[in-house]
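Heads up, the thing below is written out as structure tokens.
The values are calculated or read from the model by the stated rules, or taken from the named source; none is laboratory data. Given the structure is predicted, the values throughout are model-derived calculations rather than measurements. We place every Cβ from the backbone using ideal geometry, glycine too, and count neighbours over all the protein chains shown.
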Amino acid sequence: MKFFFDRMLQTIPVVLGITLVVFSLMHLTPGDPVETMLGSVGHISQEDIDLIRHELGLDQPLWKQYLGFLGGICRGDWGMSLRYGVPVKELIRERLPATLELTLAAMLISLMIAIPAGVISAVHRYSLVDQASTLVSLIGVSLPDFWLGLVLILIFSVGLGWLPGGLRLGFEIAWPPTTTGLLLVDSLLAWNWEAFWAAMSHLLLPALALGAPLAALTMRITRSSMLDVIQQDYITFARAKGLREMVVIIKHALHNALIPTITVIALNMGTLLGGNMIIERIFSWPGLGQLVVDSIRTYDYPVVQGAVLLYALTYVGMNLAADLVYTRLDPRVAL
Amino acid sequence: MELEQAWYHISPMGATLRDFWRLYRKNRLAVWGLAVIVIMVIAAIFAPYLTPYHPEKPDFTALRRPPAWMPGGSLAHPLGTDHLGRDMFTRIIHGGRISLTVGLVVIFFATSLGIILGLISGYYGGRIDAIIQRIVDTLLAFPYLILATALVAVLGPGLQNMLVALAYKEWIYPCRVVRSEVLAAKNKEYVEAARAAGAGDLHIMFREILPNVFGSVIVVATLRVAWVILMEASLSFLGLGVEPPAPAWGTIISEGRRFINTQWWISTFPGIAILLTVLGINLVGEGLRDALDPRMRE
Amino acid sequence: MKQPLLEVKNLRTHFLTDAGVAKAVDGVDLTIAPGEVMGLVGESGCGKSVTALSIMGLIQPPGQIVDGQILFQGEDLLGLAEREMQKLRGGQIAMIFQDPLTTLNPVIRVGEQITEAIAIHQGKENMWEKAVQMLELVGIPSPKQRMMEYPHQLSGGMRQRVMIAIALSCHPSLLIADEPTTALDVTIQAQILDLIAGLQQELDMGILFITHDLGVVAEFCDRIAVMYAGKVVEVGDVKQVLTHPLHPYTRGLLRSIPRLQEPRHRIEPIEGLVPELHMLPPGCSFQDRCPLADKRCTRWEPSLREAAPDRLVSCLMIP
Ligand SMILES: Nc1ncnc2c1ncn2[C@@H]1O[C@H](COP(=O)(O)OP(=O)(O)O)[C@@H](O)[C@H]1O
Ligand SMILES: [Mg+2]
């Protein structure tokens with residue numbers, strides 16, 4: 001636990017740095033942010049501009065603005081959307097479940113494919129299976145995810161007509177009552193199988209496209225750390241006990257190989273979060289990523305700020321969580 | 001192994017290149033990757049002379065032609081044309097100019113900055129190191145694409161702003177590599193010797209240490225070019241990169257999305273171009289790693 | 001003579017590497033009687049560990065047993081299916097390794113690592129108690145607590161004892177000990193040797209004791225086999241071989257150990273290097289370093305034959 005506590009302390013400067021970067025985004029605009037923001041609206045009087053400046057606190061010295069910004073975040077006041085006139089927090093809360101469901105599904109799918117593939121590759125090194133999955137993972141890390149999304153739509157939606165190519169649930173299906181916001185969970189809770197399968201079929205393609213780069217990476221890491229572990233003496237010793245090969249690989253080798261794998265996965269979580277924006281756009285997925293892109297288009301800076309902040313904090317949180325898993329997996333760290 | 005690592009400052013140039021090629025060639029895929037990249041670069045450089053068409057001018061007499069091998073296609077437009085009648089092949093090789101330029105320029109500036117900060121961070125240590133490393137950690141916490149998107153959002157779209165937006169975070173990768181290499185090199189004999197001979201900090205950093213860590217820097221820089229090209233394509237796809245009608249690959253894919261049901265080739269071919277380029281660069285990067293720095297191999 | 005416990009005949013284990021075929025073990029013959037301690041000595045890289053792993057059936061690719069027989073209580077292990085081999089491994093034949101720091105799985109509790117071995121060979125019944133007893137037997141204080149600990153919480157000597165406990169938990173009749181004391185410091189080394197010797201008496205095991213410490217062999221083994229470049233070159237009773245070595249390589253080995261009584265005595269290592277395994281010369285592999293070698297040695301490969309009563313030697317120059 002002490003290790004974990006130390007890690008928590010270490011993230012404090014990072015979190016402060018994040019808020020600073022996010023805050024400064026607003027002030028990077030060449031020229032006056034308010035004018036840029038209102039640029040699309042047409043002509044506006046100087047008084048109005050001053051009024052808005054005052055409301056946004058832009059007439060105060062920078063450090064005061066920053067402190068105000070920081071205080072606001074801590075109090076849960078993430079500002080107001082310029083476009084919708086509602087609190088940023090509301091907007092984000094509305095969009096978050098969709099993104100969460102997509103991200104979790106992508107993570108699950110990619111780990112479920114990549115870890116077994118990496119293990120099999122390592123165990124049957126140089127075999128045909130190994131070469132094939134190495135090639136696939138090489139392609140996977142080089143593939144633009146948005147293009148993969150389009151190709152999946154082209155094949156499975158346009159071509160074969162097996163799966164829908166967008167939205168969370170078709171128009172023809174009634175939404176289950178919202179409890180968690182995660183459609184799969186909600187439809188299960190409502191015992192609504194029709195909605196469940198519909199949600200599942202809508203989720204599959206975007207989750208695949210989003211998870212592909214992570215899967216490719218995870219496979220490569222799992223393979224190389226398994227190769228490393230398999231050569232260790234304790235694996236030979238485990239075999240010398242008369243354990244079945246399956247037990248040796250899964251209980252003795254994989255457990256050890258997962259330790260470095262987890263770290264790498266956590267460090268690359270950013271790919272998944274960043275991929276959101278793109279994949280949501282392609283699949284018309286009403287999530288946070290779409291919100292960011294739309295807000296950028298409409299110069300709705302407070303929303304952009306809020307969402308970027310949330311993404312960064314999520315990334316930090318995920319890495320902390322990975323550390324927690326890490327301490328679970330590796331007894332040597334816990335002390 | 002020691003010998004292999006030290007090739008670039010011991011052996012005379014000719015022997016050096018031969019040695020390098022001998023090691024590089026062992027990685028078959030890396031040779032293929034190099035071939036792909038060479039073709040891409042040549043196509044990008046000579047793009048205007050390779051086809052008779054203009055990449056941006058519409059041609060309303062040849063709208064949405066399919067690729068040559070499909071019914072209705074012709075060799076005049078081997079990969080077909082888009083919704084404005086522009087030749088896909090022409091647009092794609094011109095798009096390569098954009099992608100490769102962005103990749104190289106961003107990596108050039110980011111690597112230069114990263115080298116300087118990494119050297120300072122690793123060499124001096126202490127407070128300056130702590131500050132630089134906190135900045136690195138902070139930038140690391142932002143998902144790459146999201147930070148770049150947000151930056152383009154405030155800076156405005158366009159080529160120059162996209163370069164800034166990408167380099168903003170990109171420098172931390174060479175910085176981290178250089179720093180850890182400097183930490184390892186700092187106490188080596190040759191550094192001690194230089195110091196004993198009265199060399200100044202700048203001399204030691206740039207003349208003694210840098211040449212020794214250059215192999216790893218090249219490897220990282222190469223692999224990062226691939227990533228930057230992917231990110232450039234993503235930004236262009238979101239409409240935040242080079243502005244249409246410029247034929248950035250991401251832009252073409254984005255435009256073709258509307259026609260995915262009927263003219264699938266518009267979105268498909270530029271994606272293949274991205275895939276080949278990025279894959280090629282990744283393979284070259286791994287080949288370089290095998291040849292320049294055996295320790296870094298997975 | 002009664003049936004030997006283990007009889008290895010003409011074992012050949014090769015590694016197919018990029019550089020060529022490394023003939024790590026190339027015609028090893030060994031016989032161990034029940035309850036006998038056989039020392040296997042030789043310079044590092046001569047194929048001792050590969051011999052041990054071949055007997056255990058644990059050679060991994062690119063390694064491959066290309067020829068020979070391994071008879072355990074009369075049964076050829078090389079003909080067994082993997083399933084049957086698993087039953088023997090850790091049951092009838094056990095193995096301990098050199099480095100206690102790397103041989104226990106760092107992420108699994110000590111208790112689990114013992115009980116899983118007991119569970120396979122003796123069933124899950126009372127496995128916990130049996131494991132505690134084993135730890136007690138190998139001299140681990142407060143064994144019940146130790147069961148719950150992870151390897152990194154134990155000292156090197158303790159870990160070695162745990163490894164021995166695991167290996168012996170199913171009362172094997174053959175123990176293969178691959179340099180079990182090399183990584184330990186001297187006092188602990190003596191303790192572990194005493195422990196193995198005591199358990200050997202108690203359980204009446206045959207042991208293949210691999211080491212390159214001739215002092216340990218002299219003290220602990222009944223017989224000795226000397227290996228060079230993948231072959232056994234001399235076999236015999238320990239005292240006989242150590243006092244009257246016949247093979248020139250054995251003589252060289254004996255000369256190269258420092259005498260404790262004469263600290264200033266010059267060490268005379270055998271000249272030359274172990275030849276590269278994938279490009280051995282034709283004829284005797286020791287020819288380049290051998291003081292006796294002549295033309296015949298470059299032409300004919302010697303094989304083990306009885307050169308004196310109860311003494312096998314593989315050398316053309318020994319009458
Ligand atoms: N996994 C392997 N791959 C290739 N060669 C190997 C492998 N394991 C062992 N060898 C070869 O077998 C020879 C003998 O090794 P080993 O039996 O471990 O020697 P030792 O007598 O020191 O225990 C080594 O010199 C090496 O060339
Ligand atoms: Mg050995």
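Looking across region C:179-207, the residues that are buried (at least 18 other Cβ atoms within 10 Å of the Cβ), of a type in the set (S, T, N, Q) and more than 16 Å from ligand 1 (Cβ to nearest atom) come down to C:GLN189, C:GLN200.
Yes or no, residue by residue, for (1) within 13 Å of chain A (Cβ to nearest Cβ); (2) on the phi > 0 side of the Ramachandran plot; (3) within 16 Å of ligand 2 (Cβ to nearest atom):
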| site | (1), (2), (3) |
| --- | --- |
| C:HIS14 | no, no, no |
| C:THR17 | yes, no, no |
| C:GLY20 | no, yes, no |
| C:GLU36 | no, no, no |
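Of all the numbered requirements in (1) within 14 Å of chain B (Cβ to nearest Cβ); (2) over 30 Å from C:PRO172 (Cβ atoms); (3) not small (Gly, Ala, Ser), A:ILE262 misses one, and that requirement is (1). Taking first residues from region B:108-131 that are of a type in the set (Asp, Glu) and partners that are surrounded by 17 or more Cβ atoms within 10 Å (Cβ to Cβ), the Cβ contacts under 7 Å between residues at least 6 apart in sequence or on separate chains come to B:ASP129/B:SER121. Considering region C:44-92, and only residues there that are free of Cβ contacts under 8 Å to residues at least 12 places away in the same chain and away from chain A (no Cβ under 14 Å), the residue that is farthest from C:VAL8 (Cα to Cα) turns out to be C:GLY79.
Consider C:LEU6 carefully, then state whether it is surrounded by fewer than 23 Cβ atoms within 10 Å (Cβ to Cβ), among the aliphatic types (A, V, I, L, M) and modelled with pLDDT of 90 or more. For C:LEU6, the condition - surrounded by fewer than 23 Cβ atoms within 10 Å (Cβ to Cβ), among the aliphatic types (A, V, I, L, M) and modelled with pLDDT of 90 or more - is not met. Scanning region C:102-111 for residues that are in a helix (DSSP H, G or I) and at the interface with chain A (Cβ under 9 Å from one of its Cβ atoms), we see that the one that is nearest to C:SER173 (Cα to Cα) is C:THR103. When region C:6-37 is examined, which residues are found to be β-branched (Val, Ile, Thr) and more than 13 Å from ligand 1 (Cβ to nearest atom)? Once the filter is applied, which keeps residues that are β-branched (Val, Ile, Thr) and more than 13 Å from ligand 1 (Cβ to nearest atom), region C:6-37 yields C:VAL8, C:THR31, C:ILE32, C:VAL37.
When the helices (runs of 4 or more DSSP H) confined to region B:9-109 are screened for residues that are hydroxyl-bearing (Ser, Thr, Tyr) and surrounded by 14 or more Cβ atoms within 10 Å (Cβ to Cβ), none reaches at least 3 such residues.
What do you reckon, is A:ARG239 of a type in the set (D, E, K, R), assigned to a helix (DSSP H, G or I) and either surrounded by fewer than 22 Cβ atoms within 10 Å (Cβ to Cβ) or away from chain B (no Cβ under 14 Å) (or both)? It is true that A:ARG239 is of a type in the set (D, E, K, R), assigned to a helix (DSSP H, G or I) and either surrounded by fewer than 22 Cβ atoms within 10 Å (Cβ to Cβ) or away from chain B (no Cβ under 14 Å) (or both).
Taking the condition of a type outside the set (Phe, Trp, Tyr) and either farther than 30 Å from A:ILE221 by Cβ or within 12 Å of another protein chain (Cβ to nearest Cβ) (or both), does A:LEU148 pass? Yes; evaluated as a whole, the condition is true for this residue.
Please tell me if B:TYR190 is under 18 Å from A:SER24 (Cα atoms) and either more than 14 Å from chain A (Cβ to nearest Cβ) or surrounded by fewer than 23 Cβ atoms within 10 Å (Cβ to Cβ) (or both). So B:TYR190 does not fit the description; no. Residues that are in contact with a helix residue (DSSP H, G or I) (Cβ under 9 Å, 6 or more places away or on another chain), among the acidic types (Asp, Glu) and within 18 Å of B:GLU181 (Cβ to Cβ) do not occur anywhere in region B:64-86.
In this structure, does A:LEU189 turn out to be at pLDDT 80 or above, within 28 Å of A:THR134 (Cα to Cα), assigned by TED's automatic domain parsing to the domain that holds A:HIS252 and of a type outside the set (Gly, Ala, Ser)? So A:LEU189 fails the test. Scanning region C:116-166 for residues that are among the charged types (D, E, K, R) and either more than 10 Å from chain A (Cβ to nearest Cβ) or touching a residue at least 12 places away in the same chain (Cβ under 8 Å) (or both) gives C:LYS124, C:GLU125, C:GLU129, C:LYS130, C:GLU136, C:LYS144, C:ARG146, C:GLU149, C:ARG159, C:ARG161. Looking across A:TRP147, A:TRP162, one residue alone is out of contact with any Cys (no Cβ under 7 Å at 6 or more places or on another chain) and modelled with pLDDT under 90. It is A:TRP162. So, B:GLY215, is that one crowded, with 22+ Cβ neighbours inside 10 Å, more than 9 Å from chain A (Cβ to nearest Cβ) and within 25 Å of B:TYR168 (Cα to Cα) or not? Yes, satisfied.
If you go through region B:138-158 one residue at a time, do you hit one that is more than 14 Å from every other protein chain (Cβ to nearest Cβ) and over 15 Å from the mean Cα position of the chain (by Cα)? No: zero hits. Looking only at region A:285-292, decide whether some residue is more than 9 Å from every other protein chain (Cβ to nearest Cβ), within 27 Å of A:LEU9 (Cα to Cα) and in a helix (DSSP H, G or I). No; the residues of region A:285-292 include none that is more than 9 Å from every other protein chain (Cβ to nearest Cβ), within 27 Å of A:LEU9 (Cα to Cα) and in a helix (DSSP H, G or I). For region C:38-74, the candidate set comprises residues that are farther than 30 Å from A:HIS124 by Cα and buried (at least 23 other Cβ atoms within 10 Å of the Cβ); within that set, the residue that is nearest to ligand 1 (Cβ to nearest atom) is C:GLY42. Scanning region C:77-131 for residues that are surrounded by 21 or more Cβ atoms within 10 Å (Cβ to Cβ) and among the charged types (D, E, K, R), we see that the one that is farthest from C:ILE59 (Cα to Cα) is C:GLU116. In the set A:VAL333, A:VAL308, only one residue is of a type outside the set (S, T, N, Q) and facing another protein chain (nearest Cβ under 7 Å); that residue is A:VAL308.
Restricting attention to region A:242-259, which residues are within 30 Å of A:TYR315 (Cα to Cα), surrounded by 17 or more Cβ atoms within 10 Å (Cβ to Cβ) and more than 8 Å from every other protein chain (Cβ to nearest Cβ)? A:ALA253, A:LEU254, A:ALA257, A:LEU258, listed by residue number.
For region C:89-101, give me the residue count where each residue is more than 15 Å from ligand 1 (Cβ to nearest atom), out of contact with any strand residue (DSSP E or B) (no Cβ under 7 Å at 6 or more places or on another chain) and not in a helix (DSSP H, G or I). Counting residues in region C:89-101 that are more than 15 Å from ligand 1 (Cβ to nearest atom), out of contact with any strand residue (DSSP E or B) (no Cβ under 7 Å at 6 or more places or on another chain) and not in a helix (DSSP H, G or I) gives 3. Could you check, for region C:47-62, whether at least one of its residues is within 16 Å of ligand 2 (Cβ to nearest atom), closer than 20 Å to C:VAL232 by Cα, under 16 Å from the mean Cα position of the chain (by Cα) and outside any helix (DSSP H, G or I)? Looking through region C:47-62, at least one residue is within 16 Å of ligand 2 (Cβ to nearest atom), closer than 20 Å to C:VAL232 by Cα, under 16 Å from the mean Cα position of the chain (by Cα) and outside any helix (DSSP H, G or I).
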